[in-house]
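Here the structure is laid out as structure tokens; the discussion comes afterwards.
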Amino acid sequence: MDVREHRLLCHLDVLIAFRYIPFNAGPRICVGQQFALTEMAYTVTRILQRYDRIENRMKAPAVFKADIVLQPADGVQLSFFQSHSEKA
Ligand code: HEM
């Protein structure tokens with residue numbers, strides 16, 4: 001492999017690492033990333049187990065606010081309907 005090919009491959013590695021950046025990338029990447037993603041997956045799973053139905057109560061389509069991370073600009077209004085198996 002010549003020097004130019006090597007540089008191109010290194011450049012591609014960096015581009016791929018920075019493709020998904022809610023947790024940053026490179027030397028300052030979030031050390032809690034896997035924990036946070038596991039916690040989020042667990043929380044969403046528990047919500048879906050508990051509620052039969054979730055209805056959107058937003059009066060207008062959601063607008064996003066770009067800050068360090070993307071977030072809903074006006075919160076999120078939902079109704080949760082508990083499933084029968086979780087009521088007991
Ligand atoms: C949704 C949840 C989370 C998001 C979006 C997030 C995001 C980030 C980001 C963007 C950075 C880089 C900051 C920088 O470049 O200076 C960071 C760093 C860090 N995060 Fe998280 N984080 C989350 C959860 C967590 C959790 C659960 C932990 C610990 C259990 C954690 C521990 C850390 C630590 C220690 C650093 C500093 C890493 C370093 O500078 O070497 N984070 N996080």
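All of the numbers you see were taken from the coordinates with simple rules; none came from a lab. Just so you know, these numbers come straight off a predicted model, no measurement behind them. In this analysis, Cβ positions are derived from the backbone assuming ideal geometry, glycine residues included, and neighbour counts consider all displayed protein chains.
Observations, loosely collected:
- Residue within segment 47-68 that is within 16 Å of the ligand (Cβ to nearest atom), surrounded by 11 or more Cβ atoms within 10 Å (Cβ to Cβ) and more than 15 Å from the chain's Cα centre (by Cα) present: no
- Qualifying residue in segment 32-51 (condition: part of a strand (DSSP E or B), touching a Leu at 6+ places or on another chain (Cβ under 8 Å) and on the phi < 0 side of the Ramachandran plot): no
- Scope segment 6-31; condition part of a helix (DSSP H, G or I), basic (K, R) and within 16 Å of the ligand (Cβ to nearest atom); matching residues: R28
- Scanning segment 71-88 for residues that are closer than 24 Å to F23 by Cα and surrounded by 10 or more Cβ atoms within 10 Å (Cβ to Cβ) yields Q71, P72, A73, D74, V76.
- Residues in segment 21-31 that are at negative phi and either of a type in the set (G, A, S) or surrounded by 10 or more Cβ atoms within 10 Å (Cβ to Cβ) (or both): I21, P22, F23, A25, I29, C30.
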